[in-house]
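Right, one structure below, let's go through it.
The values are calculated or read from the model by the stated rules, or taken from the named source; none is laboratory data. Just so it is clear, the model here is predicted, and its values are computed rather than measured. Counting neighbours? That spans all protein chains shown, and the Cβs are built from the backbone with ideal geometry, glycine included. Note: areas computed on protein heavy atoms with side chains; ligands, DNA, RNA excluded. Shrake-Rupley method; radii C 1.70, N 1.55, O 1.52, S 1.80 Å.
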Amino acid sequence: MQIYLPIAEVSVNIFLLLGLGGLVGVLSGMFGVGGGFLMTPLLFMIGIPPAVAVATEANQIVASSFSGVLAHLKRKTVDIKMGIVLLIGGLVGATIGVWVFKYLKSIGQVELLVTISYVVFLGLIGSLMFVESLNAIRKSKKPGARPRKKRHNWIHGLPFKMRFRTSGLYISVIPPLLVGLSVGILAAIMGVGGGFIMVPAMIYLLGMPTKVVVGTSLFQIIFVTAFTTLSHATQTFTVDAVLAVILLTGGVIGAQIGARIGVKLKAEQLRILLAIMVLAMSFKLATDLLLMPSELYSIGAGDH
Amino acid sequence: MIRAFTLLLAVFAAPLAAQETVVVDLSQNRVAITANYAGSEIFVFGAVKREAPLADDIAPLDVAIVVEGPLEHTTVRKKSKTLGIWVNDESVEFAEAPSFFTVASTGPLDEILTDGDRRDFAIGLDYVVRRQANEDPDIDMQAFSEAVTRIRVKNGLYSEREGIVNLTAETLFDASIQLPANLVEGDYTARIYLIRDRNIVADASVGIKVRKEGLERWLYNLAQEQALLYGLLSIFVALVAGYGASEIFRLLQRR
């Protein structure tokens, strides 16, 4: 069954969109990532104009992360206090990021920089997580081996300490604020919710338990993507409501399923799966840069 | 020499041309894009009106029908290899390239028409992208305009369908024109040319209005005119859907 999208001005198969939304929703619920870094290229592939894909994707992520957060709230795996601290940093970061983005655009080649930063960040985070979770799985297989105690490092020496009960942490607010800030900057430049950077940062930098990380990341993503949706709707007019509704119908259902799968998996299994996905995406983008494209030319919007 | 000959022919053909006119109509002058729009078909039909009977030695009649979407400013970018990676490099702006273009004819275009006429009247894929914008001698403009055509042929937006116009007794003709699902709103035109001996002897043009309707129209207008409300509404719908799915799943799990 075909449906015509009023803003994208193309006709697409409704079941294909539902399926895509569902698939990305499952990943979102499982890993706490918005899924924008997967969905946006997929939408390009089925012929949605890039500007519409990016803006509409943000709107869809609002729905799937909200659905995911509700599922996590019932399991008490959302650290709202931590989420708010991250969000404050994130919104400041996003504002700086938008400014950096405009500056990069004025000197040209912003698209290239975005792709390179994707490759570098995805590759780095993916490899780190992969190695770490592989080690964790090996250790847990040895009988008698006990998980390491929480490390005490320089992070615990910083002032303005705060108790994050859900995460079982008593740390300074400075590291989460900085994490939120840097993710906010990157998210604005790269045009994504930033979950795939936020999740590893919370696990490795802040030392939060993996189960709490997913819900907290989703909590934070709702606000960032709602902000993005609103700015695209008012500035670029590229949010396609029909496309968003179809994608999010699939997405919210997927997110519920994903959250349930996530609970059943072990923390290190969850991390290794996310690592593989992030690495695969990084590899795909790297080959796009290095291999000769089959079509050298592309037709852009006529506004330049 | 050949040019002088064709000129001479044109002079002789002139009184002939005045004798024939074309009458055309379309199965529909409006295309409504609704939510379930998945492409449509327009039937072009017409007749040749003559003031006097045809001469016995007159060349056979040919018909070409061009259906064209609104002309748009189009930017084309080309990737090239810089420091080992493929990046967007040169770009060319075309002042006028139609969003949709199809030409139907009774025979091969390069046989029934002269290249000059095909260029002047934009009949055929090789003349569809008008080269009017930033002319740069260092850039191969031809390659860029060919790229637009190639990409749009692949997307089903441009096509050339020779031999699909039915011509009956040199008087009645008809053709069915397919409009794709990824159609853009705007004022389309259908141009019809009668051709004899590689010369255009008569032509006519009819407008086709392509418009969004119903829900599509309403959403499009809302997004353009009340952007803030539209954005807030989009977020609200997203939150409601997220909540709805969560509740439904909770009810399902209780059982």
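Details
- Max mean-square fluctuation residue, GNM over chain B, Cα-Cα springs under 10 Å, options B:Ala245, B:Ala147, B:Ala97: B:Ala245
- Amide H contacts of A:Met162 (H built 1.01 Å from N, in plane; Pro and chain starts excluded): A:Ile171, A:Ser172, A:Val173 sit under 5 Å, all sequence-distant by 5 or more or on other chains.
- Normalised contact order of chain B, rounded percent, pairs of Cα under 8 Å and 6 or more residues apart: 27
- Using a 1.4 angstrom probe on protein heavy atoms only, the contact between A and B buries about 4600 square angstrom of accessible area, both sides summed.
- Relative to the longest principal axis of the Cα atoms of chain A, the long axis of helix A:36-45 makes an angle of roughly 20 degrees.
- Taking the Cα centre of chain A as reference, the dipole from Cβ charges on Lys and Arg (+1) and Asp and Glu (-1) amounts to some 2300 debye.
- Helix A:80-106 vs. chain A, principal-axis angle (Cα, 0 to 90°, nearest 10): 40
- Overall, region B:131-240 carries a charge dipole of about 340 debye about its Cα centre when +1 sits on the Cβ of Lys and Arg and -1 on the Cβ of Asp and Glu, all other atoms neutral.
- Whole-Hz couplings from phi, Karplus 6.51/-1.76/1.60, listed for region B:33-46; x for Gly and Pro: 8, 10, 4, 9, 5, 9, x, 8, 10, 10, 9, 9, 9, x
- Ranked by solvent-accessible area (1.4 Å probe, protein heavy atoms only, all chains present), the residues A:Met281, A:Met202 order from largest to smallest as A:Met281, A:Met202.
- DSSP bridge analysis restricted to region B:73-194 gives an antiparallel fraction near 70%, rounded to the nearest 5.
- The string of couplings for region A:213-224 from the Karplus curve (6.51, -1.76, 1.60, θ = phi - 60°) is 4, 4, x, 5, 4, 4, 4, 5, 5, 3, 6, 4 Hz, one whole number per residue in order, with x for Gly and Pro.
- By definition, a body whose alpha carbon gyration tensor gives a ≥ b ≥ c is oblate when a/c is 1.5 or more and a/b is not larger than b/c, and region A:170-276 fits this oblate description.
- Charged side chains reduced to their Cβ positions (Lys and Arg at +1, Asp and Glu at -1) give the protein assembly as shown a dipole of some 5880 debye around its Cα centre.
- Its relative contact order, with pairs defined as Cα atoms under 8 Å and 6+ residues apart, puts chain A at 40 percent.
- For B:Val31, the residues whose amide H sits under 5 Å from its own are B:Lys209, B:Val210, B:Arg211, ignoring neighbours fewer than 5 places away on the same chain, with H placed 1.01 Å from N.
- Judged by the ratio a/c of the largest to the smallest principal axis of the C-alpha gyration tensor, chain A counts as prolate, that ratio being 1.5 or greater while a/b is larger than b/c.
- J(HN,Hα) series, region B:101-109, from Karplus relation 6.51 cos²θ - 1.76 cosθ + 1.60, nearest Hz, glycine and proline x: 8, 9, 10, 10, 8, 7, x, x, 4
- The Cα atoms of region A:1-91 give a gyration tensor whose axes a ≥ b ≥ c have a/c of 1.5 or more with a/b greater than b/c, which makes the shape prolate.
- Using alpha-carbon coordinates, inclination of helix B:227-254 to the longest axis of chain B, degrees: 60
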